[in-house]
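A.B. asks: My questions will all concern the structure given below.
The values are calculated or read from the model by the stated rules, or taken from the named source; none is laboratory data. Being a predicted model, the structure only gives us computed values, none of them experimental. All Cβ positions, glycine included, derive from the backbone under ideal geometry; neighbour counts span all protein chains shown. Heavy atoms of the whole protein, side chains included, go into the accessibility calculation; ligands, DNA and RNA do not. Shrake-Rupley method; radii C 1.70, N 1.55, O 1.52, S 1.80 Å.
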Amino acid sequence: MADQWLVGVDVGGTTIKIAFISDSGEIHHKWEIPTDKRDQGNHIPSQIALAINEKLREIGETKNKLSAIGIGAPGPVNDADGSVEIAVNLGWSNFPLKERLVLETSLPVTVDNDANVAAIGEMWKGAGEGAKDLLLVTLGTGVGGGVIANGEIVHGVNGAGGELGHITTVPEGGFPCNCGKTGCLETMASATGVVRLAMKALESRDEPSLLRDIYGEEKKLTSKQIFEAAQENDRLALEVVQELAFHLGLALANSANVLNPQKIVIGGGVSKAGDTLLNPVRDEFQRFAFPRVSAGAEVMMARMGNDAGILGAAWLAKTQMKTIIQYI
Ligand SMILES: [Zn+2]
């Protein structure tokens, strides 16, 4: 129904973002609530249902205005039943998210992993601009990834498709990763990874640097400070960004050689660094990608920021509705 709204939900460890979104991707109402993590996150589905009902009441609408819910969850999702296998920061383990949310709201529900959902959001309304073949890498506390091939999320056989953060870029002697391997992209390109690269550079050299001054005063560094120092042409900070760009460019080029994507989108907190990061990543990407793949791909920063999740979730809800209608 054209005049109905889709509900896009993005569940995070701190907040849950919810929005009512039109079929064409226009956000009508957007708000967030603090995530209720009590009892291993057991209250989250009823919390979402209640928040939706309260908002409908507040704006004088009824449930009939809503067609379907799409939801992004911070963990691997079981495609068959929409349960979340594990979401450590919510306390979920084999959590029946879809089943619970259908019960609580009486609406059709689609669940997917949050990085995949963000990739869909960028494809629909952001940097992807409708590109049907797209890679998204999100740089934050960890490094997430989403792959869209021919307009569809690549899930793989057991939900681990598109895990770009765990591509090996240091084959021997790399840092241990949370996944149990060593030398993953995540150990280099996450916020923690960038800080570790900077600390290593500070320890092995004695030249003056803004980073040395900051560390001397605050006894710690953040990835934001490292990018800011690079923007001010601090040599040590620029070398750290160059090292990060090497690993990111290598991983993206090797992934792109498989997919031959139109857009490669970099999102997440670290991505706020803008051209300071984007330019060296583009150079390294070009160096490692198959020339025809490189010629077809545009490497760019994400545009939707925090809205990518709710938009991608709404798109999933919309796609689900189309499938249901086709079967009727
Ligand atoms: Zn890993």
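A.B. asks: Looking only at residues that are more than 26 Å from V111 (Cβ to Cβ) and near the ligand (Cβ under 10 Å from one of its atoms) in segment 144-174, which one is most open to solvent (accessible area, probe 1.4 Å)?
C.D. replies: T168
A.B. asks: Looking at segment 182-194 only, could you name the residues that are more than 12 Å from the ligand (Cβ to nearest atom) and buried (at least 20 other Cβ atoms within 10 Å of the Cβ)?
C.D. replies: V194 - this is the single residue of segment 182-194 that is more than 12 Å from the ligand (Cβ to nearest atom) and buried (at least 20 other Cβ atoms within 10 Å of the Cβ).
A.B. asks: Also, quick follow-up: Among the candidates T62, T35, T15, single out the residue that is farther than 23 Å from G156 by Cβ, among the hydroxyl-bearing types (S, T, Y), surrounded by fewer than 15 Cβ atoms within 10 Å (Cβ to Cβ) and touching a strand residue (DSSP E or B) at 6+ places or on another chain (Cβ under 7 Å).
C.D. replies: So the residue among T62, T35, T15 that is farther than 23 Å from G156 by Cβ, among the hydroxyl-bearing types (S, T, Y), surrounded by fewer than 15 Cβ atoms within 10 Å (Cβ to Cβ) and touching a strand residue (DSSP E or B) at 6+ places or on another chain (Cβ under 7 Å) is T15.
A.B. asks: Looking only at segment 122-143, how many residues end up being hydrophobic (A, V, I, L, M, F, W, C), part of a loop (DSSP other than H, G, I, E, B) and either modelled with pLDDT of 90 or more or open to solvent by 50 Å² or more (accessible area, probe 1.4 Å) (or both)?
C.D. replies: The total comes to 0.
A.B. asks: Still on this model: Cβ contacts < 8 Å: first residue over 23 Å from G146 (Cα atoms), restricted to segment 166-185; second residue within 8 Å of the ligand (Cβ to nearest atom) and open to solvent by less than 60 Å² (accessible area, probe 1.4 Å), any location; separation 6+ or different chain. Result?
C.D. replies: G174/C184; G174/T187; F175/T187
A.B. asks: Something else now. Which of the following residues is acidic (D, E), over 17 Å from T138 (Cβ atoms) and open to solvent by 80 Å² or more (accessible area, probe 1.4 Å): E232, E243?
C.D. replies: It is E232.
A.B. asks: Could I ask something else about it? Can you tell me which residues in segment 289-307 are in a helix (DSSP H, G or I) and touching a Phe, Trp or Tyr at 6+ places or on another chain (Cβ under 9 Å)?
C.D. replies: S294, the sole residue that qualifies.
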